[in-house]
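One structure below.
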Amino acid sequence: MASFVLDKEAFVRRVKRLYTEWKAPSIGHDDALSNLDCIMSVVGCDEDVIYSKSLALQIWLLGYELTDTISVFATDAIYFLTSKKKIEFLKQAQNISEEGLPEIKLLVRDRTDKDKGNFEKLIKSIQNSKKGKRLGVFSKDSYPGEYCESWKKILMESKFEHVDISTIIAYLMCPKDESEINNIRKASLVSMEIFNKYLKDEIMDIIDSDRKVKHTKLSDGCDAAITEKKYTIGLDPRLLDMAYPPIIQSGGSYSLKFSAASDKNLLHFGVIVCSLGARYKSYCSNISRTFLVNPTEAMQENYTFLVNVQEEILKLLVPGAKLCEVYDKTLGYVKKEKSNMVENLTKTFGFAMGLEFRENSIVIGPKCRALVKKNMVFNLHVGISNLTNPEAADTQGKTYALFIGDTVLVGETSPASVMTPSKKKIKNVGIFIKDDSEEEDVDDKKTSKEDQGSEILGRSKRNAVLDSKLRNEINTEEKRKEHQRELAQQLNARAKERLAKQGNSKEVEKVRKNTVSYKSISQMPREPEVKELKLYVDKKYETVIMPVFGIQVPFHISTIKNISQSVEGEYTYLRINFFHPGATMGRNEGGLYPQPEATFVKEVTYRSSNLKEHGEVAAPSANLNNAFRLIKEVQKRFKTREAEEREKEDLVKQDTLILSQNKGNPKLKDLYIRPNIVTKRMTGSLEAHTNGFRYISVRGDKVDILYNNIKSAFFQPCDGEMIILLHFHLKYAIMFGKKKHVDVQFYTEVGEITTDLGKHQHMHDRDDLAAEQAERELRHKLKTAFKSFCEKVETMTKSIVEFDTPFRELGFPGAPFRSTVTLQPTSGSLVNLTEWPPFVITLDDVELVHFERVQFHLRNFDMIFVFKEYNKKVAMVNAIPMNMLDHVKEWLNSCDIRYSEGVQSLNWQKIMKTIVDDPQGFFEQGGWSFLDPESDGEEDNESAESEEDEAYNPTDAETDEESEEDSEYSEASEDESDDSDDLGSDEESGKDWSDLEREAAEEDRNHDYQPTDDKRNGTKFESKKGGMSSSKHSPSKSSKDKYHNRDKHHSSSSGHKSSNKSKDSDRKRSREDSRDNGNKSKKSRR
């Protein structure tokens, strides 16, 4: 509380006014203060209490709400009993020395004795004030809590005579000073902003689009609007609040009271009564209006009469007038003009307003004798209820009411000034709609209505226009929707035309390279291990020579999938698994064999004794141990070389960089490169040459980027960032650091990215101030250098390379990868360059954008970029805040990019595969229109998502090498194909479980071979042949899950209750699992 400042001038002025009225009463209609001995108020802590006299008096004097505070106003002093923090704030009042101001005494709460000592002091101060018997209190105020209850009990025991002073204090606070008037004026402006720019436009849009919206939703929208900056006219939102819940009424059910609440009925397009009020620094305001949709002549006449009644009241509100006389004169005017309306008028015509929204004792009614004073503020409202419209088209429109209200300030002369001057004449609030059937005689009706000062428009689609809007004006949302409809019409046509030009060019299927170990038998090694029929690893030709049925058989290392070794008792087992059709080689490489119908060896197991015989140098199992080690070593070397070749195979050959010998070449020094060339980060220099850039690190590494390979170039300054950078997004990947890269970035750090927490920091430390100044100078220097470099490059290349700068103010948060970053639009892209990996989307490549999970109850939505090249994997940005949806839509619309939205998350892999497989059929069925909200496409995709995903191989997806686990029980690679539909033959469908089990057992017996022993080297050999049908496995997430499924296949398959397709898939999988388990059990018996 020490940071809050007391308005001392206002405190002194208002305390003096209170004590002056107490000592010499001037209010004629109420003399409650004159006989008082002391005044007391208590403010407790209750969030449900919004308005109370005690709270109003406290805010009026101090400017702030101090909960759990007791104030006692004695003749010679003012006592405050409250907590220590609030006492610190009140000390500002204690230090004031002003003539006529009583002494301020502060008492700090003592919780040890539950404030008994403090209460006794307060009781004594009351008893010592004048006669100490009559105590002025606010009898209707009651706060819960132990503190307030204890004080209440003490007062009761003291037996003071309580006098209610609510009315006199309210009248005392009613005339406002300049600061209070300013607060109410600001609150009134906010009320008008919300009414005119939110509520009115929202109702217009609802009528325009013929939507069904509940009253409560409109009311909640007004509540939410007060927190938005565009409606708060630059005021601090923390000081703003609604004075009461906004009231929206229509459809024949009206209550012209501010205690009414918006119901859950739908908005009726007839008579719509709206009331709302904002509160600024606890000072209230109000505005009430009635919208009339297609009003009859009688309704317009009644409304105009009501406006005239309000204007008559404004004339009568002059200083010195009694409020009851104002009411009587207004009633007389109504009797004179329209006597039949007297019974329908509201019982009162307004009430005083300020820190409390409604002052019940100061109303414009028949019994209030209070005098009107200058600078009083009233909520002036007048209404007519229970009116009948015999021409109504439905029962809801038969009964209607009219209501208008404003915040008004009483001045020196008549009339009182309106602080909420929103237009309220019939031509401003009348909404005249013309139906299609009436289009023929538009001109005649239009002329007659214009003579009456109202507007009527012809209509093909519901079109409601107020006077404040131009006839042809369409709001931003409608313009956006119209533009999107145009883009949607063009989208399918352009896409179909583009695909027709591309033809049926399909991706060439990859065939696995047929590796040959030895071209002739003469190349076979003559080593003793080969002659002795032992395992031998030929490192030179990357081949493993294995004895099979007494014959040396070479197997190239590429045919070996994995190996495992185990020791069981006296024997060592070496198991070698081979690649074969049905067991994939890696991601996207399944079944790539030149002769898939040939017979393949699936696995080979060797057994050797661990016992060393007399005279032997080593145990026979040493050969298996050595072979296991060497196979692993050769396999690792082969895979590394293969990975490098795979990286290079689709590289586009670049032109040779032509070095410029000109010393004036644009050059930047001390730059880091991302991604790093080596593990350690190194600086280097970037120089522009004749046809490209060359980056040379301090170690001498070179990276060349040619101008004709740059798709987009970006310069991101260091404004709001810790780095300044140049980023190049390339057309074709370049190779450095043994990897391909499409994005290359050069940057340097600005200032310290890390902070030494151990260093003593001081705000005015000279070193720190100097460091900040140095950082500012460095930022300016770097920004100038980078900008100069970009300008020189653009000039030198004749704008072949143009640097684009992201628009930071248009940025929005999102998660394209794992973490949330700020995505910033440029003139032709959407990028995030600060975090790594970077995110770059070229807008020219984008076909459309789809928003997923767009639901009001969710905080975030996802954004999907579909590219014009349908083989390319879609790009996704997750976790974009829902409040940025309109911002993103507006940006996409301005870029002429079609967007759609839905509540579902779609299976884009499946969708794109369907489109790529049959593009013509896709567009014949409506193309991308299935993404529109009114289509059933999302429902279809929802069901498709539940099915198994089919394989979809994007052309630009990098093939990630995944490590294989050498498990003794691994039968298939972890990277198996996702295409489970190809498993098994057509003959298997329709067979029951027992038939499948019998066939599997027979097939196992046919494929088994008897073991042969080679007594010369003590090695036992077992072999199995495997074909296409011998290794069918369903895709699994991990090896662990796969093996778990094998052990549990009987229970999981029999308990499956899903679709027929799922059942068939389970049967195929279980049959293969049982076959594999049968093989294992036979081997273990041997």
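Here is a yes/no grid of residues against (1) assigned by the TED database to the domain that holds SER385; (2) without any contact (Cβ under 8 Å) to a residue 12 or more places away in the chain; (3) surrounded by fewer than 19 Cβ atoms within 10 Å (Cβ to Cβ); (4) on the phi < 0 side of the Ramachandran plot:
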{"site": "LYS230", "(1), (2), (3), (4)": "yes, no, yes, yes"}
{"site": "ASP236", "(1), (2), (3), (4)": "yes, yes, yes, yes"}
{"site": "LEU239", "(1), (2), (3), (4)": "yes, no, yes, yes"}
{"site": "PRO246", "(1), (2), (3), (4)": "yes, no, no, yes"}
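Could you please let me know if PHE291 is assigned to a helix (DSSP H, G or I), touching a helix residue (DSSP H, G or I) at 6+ places or on another chain (Cβ under 7 Å) and in the same structural domain as VAL377 (by the TED database)? Judged against the criteria, PHE291 is not a match.
Looking only at segment 526-540, which residues are out of contact with any Gly (no Cβ under 9 Å at 6 or more places or on another chain) and buried (at least 17 other Cβ atoms within 10 Å of the Cβ)? Result: GLU529, VAL530, LYS534, LEU535, TYR536, VAL537, ASP538. Identification of strands (runs of 3 or more DSSP E) wholly contained in segment 749-866 with 1 or more residues that are at pLDDT 90 or above and in contact with a His (Cβ under 7 Å, 6 or more places away or on another chain) yields 812-814, 839-842.
A quick yes/no check of all residues on (1) open to solvent by 30 Å² or more (accessible area, probe 1.4 Å); (2) free of Cβ contacts under 8 Å to residues at least 12 places away in the same chain:
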site	(1), (2)
GLY700	yes, yes
CYS718	no, no
MET735	yes, no
GLN745	no, no
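Among the residues of segment 617-632, how many are at pLDDT 90 or above and either over 28 Å from ARG607 (Cβ atoms) or open to solvent by 60 Å² or more (accessible area, probe 1.4 Å) (or both)? Total meeting the criteria: 4.
Name the residues in segment 633-682 that are under 23 Å from LEU782 (Cβ atoms), in a loop (DSSP other than H, G, I, E, B) and open to solvent by less than 40 Å² (accessible area, probe 1.4 Å), would you? Outline the logic, then answer.
Looking only at segment 633-682, we keep the residues that are under 23 Å from LEU782 (Cβ atoms), and these are 663-677, 681-682.
With the extra rule that they be in a loop (DSSP other than H, G, I, E, B), the set shrinks to 663-666, 675-677, 681-682.
If the condition is that a residue be under 23 Å from LEU782 (Cβ atoms), in a loop (DSSP other than H, G, I, E, B) and open to solvent by less than 40 Å² (accessible area, probe 1.4 Å), then ASN665, PRO666, PRO675, ILE677, MET682 are the ones that fit.
Inclusion of LYS873 among residues that are assigned to a loop (DSSP other than H, G, I, E, B) and either farther than 26 Å from PHE817 by Cβ or touching a residue at least 40 places away in the same chain (Cβ under 8 Å) (or both) is warranted. Looking across segment 892-925, the residues that are closer than 17 Å to PHE865 by Cβ and open to solvent by 60 Å² or more (accessible area, probe 1.4 Å) come down to SER894, ASP896, GLN909. Based on this model, can you work out whether VAL846 counts as β-branched (Val, Ile, Thr) and in contact with an Asp or Glu (Cβ under 6 Å, 6 or more places away or on another chain)? It is false that VAL846 is β-branched (Val, Ile, Thr) and in contact with an Asp or Glu (Cβ under 6 Å, 6 or more places away or on another chain). Scanning segment 279-301 for residues that are over 26 Å from ASP208 (Cβ atoms) and surrounded by 22 or more Cβ atoms within 10 Å (Cβ to Cβ) yields a total of 7.
Inside segment 341-391, counting only strands (runs of 3 or more DSSP E) that do not spill past its ends, which hold 3 or more residues that are in contact (Cβ under 8 Å) with a residue 24 or more places away in the chain and within 47 Å of the chain's Cα centre (by Cα)?
On the way: elements: 350-352, 359-363, 377-388.
Counting at least 3 such residues, we get 350-352, 377-388.
Across segment 174-190, the qualifying residues are those that are assigned to a helix (DSSP H, G or I) and open to solvent by 20 Å² or more (accessible area, probe 1.4 Å), and the one among them that is nearest to LEU235 (Cα to Cα) is LYS186. If the condition is being buried (at least 19 other Cβ atoms within 10 Å of the Cβ), within 22 Å of ILE165 (Cβ to Cβ) and of a type in the set (A, V, I, L, M, F, W, C), then segment 60-91 contributes TRP60, LEU61, LEU62, LEU66, ILE70, VAL72, PHE73, ALA74, ILE78, PHE80, LEU81.
Restricting to segment 313-340, give me the number of residues that are without any contact (Cβ under 8 Å) to a residue 12 or more places away in the chain and open to solvent by less than 20 Å² (accessible area, probe 1.4 Å). Steps first, please.
We begin by selecting, within segment 313-340, every residue without any contact (Cβ under 8 Å) to a residue 12 or more places away in the chain; these are 325, 332, 335-336, 339-340.
Keeping just the survivors that are open to solvent by less than 20 Å² (accessible area, probe 1.4 Å) gives none.
Of the residues in that region, 0 qualify.
So for segment 23-43 (the condition being open to solvent by 70 Å² or more (accessible area, probe 1.4 Å), within 23 Å of LEU135 (Cα to Cα) and not in a loop (DSSP other than H, G, I, E, B)), does at least one residue qualify?
Within segment 23-43, the subset open to solvent by 70 Å² or more (accessible area, probe 1.4 Å) is 23, 26, 28-29, 31, 35.
Of the ones still in play, those that are also within 23 Å of LEU135 (Cα to Cα) are 23, 26, 28-29, 31, 35.
Now restrict to residues that are not in a loop (DSSP other than H, G, I, E, B): 23.
Checked segment 23-43: at least one residue is open to solvent by 70 Å² or more (accessible area, probe 1.4 Å), within 23 Å of LEU135 (Cα to Cα) and not in a loop (DSSP other than H, G, I, E, B).
Of (1) within 19 Å of ASN386 (Cα to Cα); (2) touching a helix residue (DSSP H, G or I) at 6+ places or on another chain (Cβ under 6 Å); (3) surrounded by 19 or more Cβ atoms within 10 Å (Cβ to Cβ); (4) at pLDDT below 95, PHE258 satisfies all except one. Which? It fails just one condition, (2).
In this entry, GLY117 passes the filter for residues that are farther than 30 Å from LEU239 by Cβ, modelled with pLDDT of 90 or more and assigned to a helix (DSSP H, G or I). Taking the criterion of being surrounded by fewer than 19 Cβ atoms within 10 Å (Cβ to Cβ) and farther than 27 Å from ARG808 by Cβ, the residues of segment 851-891 that qualify are GLN855, PHE856, HIS857, LYS868, GLU869, ASN871, LYS872, LYS873.
The values are calculated or read from the model by the stated rules, or taken from the named source; none is laboratory data. No experiment lies behind these values; they were computed from the predicted model shown. Cβ: placed from backbone, ideal geometry, glycine included. Neighbour counts: every protein chain shown. Keep in mind that these areas ignore ligands, DNA and RNA; they rest on the heavy atoms of the full protein, side chains included. Shrake-Rupley method; radii C 1.70, N 1.55, O 1.52, S 1.80 Å.
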